[in-house]
Each structure stands twice: as structure tokens, then as C-alpha cells.
Amino acid sequence: MAFLSGRLSQRLALCAVAVLLPFFFVGGPDWASDPLYKSAWNLGHILFFGTLTLAIRPHQWLDGWRLWLASTTAALIAGCIIELLQGDLGRQSDIQDVFRNLIGMWLVMSWVSPLSFNNAPAPINLAIKWLMRAGAILLLAFQLQAVFDVARQQYRIAHQLPLVYDFNTTGAWRYWSGDVWLAEQHTENARYSLRLKLSTDHYSGTTLHNLPANWTDYDRLYIAMYNPASTPITLSLRINDLAHDRGDNAFEDRYNTKLTLKPGVNHFHIRLDAIKTAPATREMDMDDIRRLVIFTTQLDKPRTVFVTGLKLEKTEKHDHEQIKQETD
């Protein structure tokens, strides 16, 4: 640990802190960025607070449990201040980032100034030292594993086409937002369907926010839904690309249509050309589709529908219907 304790390492750490600090407030992922970018960026908290610990060297003034208590408290306060400032600047705050800050600090301190007690036998202090180091490494491993899991998930999504959503997948919350749940009834060639509960709020529905982005090799979008009620229900369908997410969210800059669900099974085939040309002043970027939203507006009573199929299709027919509906 001689290098970590040397003057050169402290100077390098100070330079690194100066370089890294602005990235808490500028640059990095935004709300529309993909999950892997966000997950990998979060590791920067560990890097920064580990580097900051090397630069400040709190063991110059304290030792033992006082050092660890004071350093942990200071990191907690600094982390909370950073999250509050990020919120004020319109950036996303995340309480888990405060924990990542602690991991970075603990990781460095466990090697540079491990916890020890003056009155404890040497073997006890040695055991404490290595337990602290192992614990810090284990916490880091959990964070790296989380990034790896997201990378594996995003790779699977990118290669699951023509499926826009795989109804054999568990953990719908990773892909959808809204009052949507896995269901085992009304399925279509898959293990699950998605039960969507619709309220009487002004807008009620679900958003598929984690989906394959590149639709360029296909001709139609297929949506299958089941309406368990004896009366029809009209849903709105919205599809947009990344450019729309980062724009002014104008209605005329995305694809919008109505889907009327008759009682029972409903199949919709939507031409991708209609989606591509939907924005008023440009063409939608069909290799960077970012969001698919299904919602209702001011229902007179709560309803439930099931989403049972969602995939892209290739067709040799030149069908001029923008939306083709089939019912069973």
C-alpha cells in the first residue's frame, strides 16, 4: 500500500477529483438514455469518492473507529448535498448513489487505513482488516454484477426481434411502467400476458420504455389484445423515437392513433410506413424507436385489458391500410 500512501498518489488523486467533479452536474445520461448507459455511469460515484478519499487522506487526523465514523458521516452528508444540487439543476437524484459513494470511500479506506483497535490482539485486528477489505470488495462486486445484468438484459432485448416484447419474460417492471402485471390467462403462444388496469384518471395506461430500437427491417407492427368486457373500449397508441424524447414532446412529432378493442381477442397490424411518416416536419428515426404507450383518456369507470402479443412483421403484400384489425 506504499503507493496509495505516497505524495504522488495524492497529487494524482487531487487532479482526478478536479476532473471528475463537474460530471456530477454536466454531461452523462439523461432521462431518455438507455439503461446500460445509466447503470455504467453510476459506477462513477464509486470512482469519485474512492479518489476523493485518496486525495483528502482523513487518516492524517484520525484513526480507528473515529476515523471510520467521521469519514462515513462526511461521505453521507456530501452525497446528500450532491443529490440535492442535482435535483435543483434538473438532473435525476438517486438515493442509491449515496450508498455507492460510501462503497468508494470504504474500498480505499479498507486498504489505506483499515479499522483496528488499540487494545485488541494482533490476530483480531488482522481478521478485522481482511473482513473489512473483503466486505468492501463484495459490495463493489454487487455493483459490477448489477451493470453486467443490465448489459445482458439489453443485449437480449436488442437481439429478440421480431419480438418487441417477450411475453415469456418475468420482471415486467424492467420494461413497462404503469399499472401493468404479468398474467397467465389470455396468453398467445407465450407463458404470460400483461394485465393492464385502466383507471378513471385523465390519462391511464402503460409505457413500454425498454424495447428493441431498430425497426428498419420490418413492415408492420403487430399488437394483440384481449378485452374481457362485453363492451368495446377505445385505447390510444403512441410511438416515438429518441429525437422526440429529447425534443419538446409535441403531439405532431410522434405517431398517434386510436385502437378500438371489441369484446374478446383483437389483432392489429400497423404499417411501419405510417409510423415513419407520422411526425409533421421530419421522418421518425426507425432505427432508434424509444417508447410505445397504450393509454385511455377519462374513462367513466375502471377497465382491465390484456396485452397478449407485440412483435414486428415482414410482409410481401403491399397493403395500403394503415391499420388492419382482426377479431376472434
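General observations
- Sole residue being part of a helix (DSSP H, G or I) and loosely packed, with under 13 Cβ neighbours inside 10 Å, chosen from 84, 36: 84
- So residue 267, is it within 27 Å of residue 170 (Cα to Cα), part of a loop (DSSP other than H, G, I, E, B) and outside the structural domain of residue 36 (by TED's automatic domain parsing): no
- Annotation note: of 229, 224, the sole residue that is touching a residue at least 60 places away in the same chain (Cβ under 8 Å), among the small types (Gly, Ala, Ser) and assigned to a loop (DSSP other than H, G, I, E, B) is 229.
- Restricting region 220-253 to residues that are modelled with pLDDT under 95 and acidic (Asp, Glu), the residue that is farthest from residue 164 (Cα to Cα): 248
- Enumeration of residues in region 270-289 that are in a loop (DSSP other than H, G, I, E, B) and free of Cβ contacts under 8 Å to residues at least 60 places away in the same chain: 277, 278, 279, 280, 281, 282, 283, 284, 285
- Contacts under 8 angstrom Cβ, first residue in region 292-309 being under 11 Å from residue 197 (Cβ atoms) and aromatic (Phe, Trp, Tyr), partner modelled with pLDDT of 95 or more and assigned to a loop (DSSP other than H, G, I, E, B), 6 or more apart: 306/228
- Counting residues in region 193-203 that are part of a loop (DSSP other than H, G, I, E, B), surrounded by 17 or more Cβ atoms within 10 Å (Cβ to Cβ) and of a type outside the set (Phe, Trp, Tyr) gives zero.
- Residues being part of a helix (DSSP H, G or I) and in contact with a helix residue (DSSP H, G or I) (Cβ under 9 Å, 6 or more places away or on another chain) - total across region 92-124: 18
The values are calculated or read from the model by the stated rules, or taken from the named source; none is laboratory data. What you are looking at is a predicted structure, and each value in this text was computed from that prediction instead of being measured. Glycine also receives a Cβ, built like all others from the backbone with ideal geometry; neighbour counts cover every protein chain displayed.
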